[in-house]
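Take a look at the structure set out below.
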Ligand code: G6P
């Protein structure tokens, strides 16, 4: 066990640091020149993708958060309507299946009982095809789906998913481009996404250099009972993922809100005892987010803002800004995930919890 962990104290940390390699491996062989190779999803994929007019994504846990990010991409880049649902809800309600819809499951293990049951249900519900994005080649989900894209993250041991999540996001971006090629995405836009993907492992490597800074920041959270995570747009699911990581391994109650919803409830909770973590890339929603953060400040809340280099935000009493290297809107969800993983990790280490095997949780939930 120690040998496999190498120099790392926990598998989770090792897996966080493996992300540049895991992402590169997930891209390997799937890009040709300025294009995504649709055949990466299987021989039938080009034919299926040409037909698809809507997408349904279903998953559990961290994989569900990846699906939530993808909805923004699929609607914005591919121009296709997209719905996302947790598998345990999807399987127990009556759904209206759109015509020519692609049913996509996401799963690290490929054995999550609810996700598998949702796939089996979908196969008899009139979808055009099923597609699995999965990390385990010999899993049930892979065997039972029409199309497959394997995330090549390698075995993930830590119960809290890290590299499986970011490689799922990469896989989802590949899928969005392949679908977009048949729909709203121009060749220039496709080439832009492909260039961003090729540069991604290096960008992730650069963000990992924040490790020491975040380890120091973690001290603030150790004696807190609650933490609020805020984001807008495709950073809202990243805020959800940050909150999930923190609660899974540090046992601090954490929840995420889309920042625009603050005044509809969570503002009532704000005081010095409630740290507020915000994910703030320099995108079209930044000004909106900043005014939401002002509302937190005005009530004495302590803000910890992850922002990229160009975000005009200054450190002051009650506002800590952690700068990330400059990126691009499209890959920001992947980039901003990394410091949140590190934050949860270091808080858990300081609290002395069992980081790789948190209480009451399992790596793969194979029973309902
Ligand atoms: C469990 C794990 C999570 C994981 C979820 C879904 O709850 O602890 O880390 O995200 O299952 O698992 P899957 O293998 O389907 O991605």
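The values are calculated or read from the model by the stated rules, or taken from the named source; none is laboratory data. It should be emphasised that the depicted structure is a prediction, and the values quoted were computed from it without experimental measurement. Heads up, the Cβs are rebuilt from the backbone with ideal geometry, glycines too, and the neighbour counts pull from every protein chain shown.
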How about the range 52-64: which of its residues are crowded, with 24+ Cβ neighbours inside 10 Å and either assigned to a strand (DSSP E or B) or more than 8 Å from the ligand (Cβ to nearest atom) (or both)? 55, 56, 57, 58, 59
So residue 261 ticks every box in (1) within 30 Å of residue 78 (Cα to Cα); (2) assigned to a loop (DSSP other than H, G, I, E, B); (3) without any contact (Cβ under 8 Å) to a residue 12 or more places away in the chain but one. Which box is left unticked? (2)
With criteria (1) surrounded by 23 or more Cβ atoms within 10 Å (Cβ to Cβ); (2) in a helix (DSSP H, G or I), residue 276 comes up short on (2)
Only one residue in 138, 156 is more than 13 Å from the ligand (Cβ to nearest atom), assigned to a loop (DSSP other than H, G, I, E, B) and closer than 19 Å to residue 26 by Cα, so which one is that? 138
Among the residues in the range 286-308, are any within 16 Å of the ligand (Cβ to nearest atom) and either surrounded by 18 or more Cβ atoms within 10 Å (Cβ to Cβ) or within 20 Å of the chain's Cα centre (by Cα) (or both)? no
If only one of 208, 246, 200 is over 21 Å from residue 289 (Cβ atoms) and crowded, with 23+ Cβ neighbours inside 10 Å, which one is it? 200
With (1) within 15 Å of the ligand (Cβ to nearest atom); (2) at positive phi as the list, and residue 133 as the residue in question, which single condition is left unmet? (2)
Using the structure shown, decide if residue 15 is surrounded by fewer than 20 Cβ atoms within 10 Å (Cβ to Cβ), assigned to a helix (DSSP H, G or I), modelled with pLDDT of 95 or more and touching a helix residue (DSSP H, G or I) at 6+ places or on another chain (Cβ under 7 Å). no
Using the structure shown, decide if residue 365 is in contact (Cβ under 8 Å) with a residue 12 or more places away in the chain, surrounded by fewer than 20 Cβ atoms within 10 Å (Cβ to Cβ), within 16 Å of the ligand (Cβ to nearest atom) and assigned to a loop (DSSP other than H, G, I, E, B). yes
Could you go through the range 179-202 and let me know if any residue there is more than 14 Å from the chain's Cα centre (by Cα), in a loop (DSSP other than H, G, I, E, B) and closer than 21 Å to residue 11 by Cα. no
For residue 78, all conditions in the list (1) within 16 Å of the ligand (Cβ to nearest atom); (2) on the phi < 0 side of the Ramachandran plot; (3) touching a residue at least 60 places away in the same chain (Cβ under 8 Å) hold save one; what is the number of the exception? (1)
Output for the range 104-129, where each listed residue is part of a strand (DSSP E or B) and within 15 Å of the ligand (Cβ to nearest atom): 104, 105, 106, 107
Run down 341, 357 and say which single residue is assigned to a helix (DSSP H, G or I) and either within 16 Å of the ligand (Cβ to nearest atom) or touching a residue at least 40 places away in the same chain (Cβ under 8 Å) (or both). 341
Leading residue by the ranking (farthest from the chain's Cα centre (by Cα)) among those in the range 141-153 that are surrounded by fewer than 24 Cβ atoms within 10 Å (Cβ to Cβ) and in a loop (DSSP other than H, G, I, E, B): 146
Would the range 316-325 turn up any residue that is out of contact with any strand residue (DSSP E or B) (no Cβ under 7 Å at 6 or more places or on another chain), assigned to a helix (DSSP H, G or I) and away from the ligand (no atom under 16 Å from the Cβ)? no
Could you say which residue among 129, 171, 195 is under 22 Å from residue 75 (Cα atoms), surrounded by fewer than 16 Cβ atoms within 10 Å (Cβ to Cβ) and modelled with pLDDT of 95 or more? 195
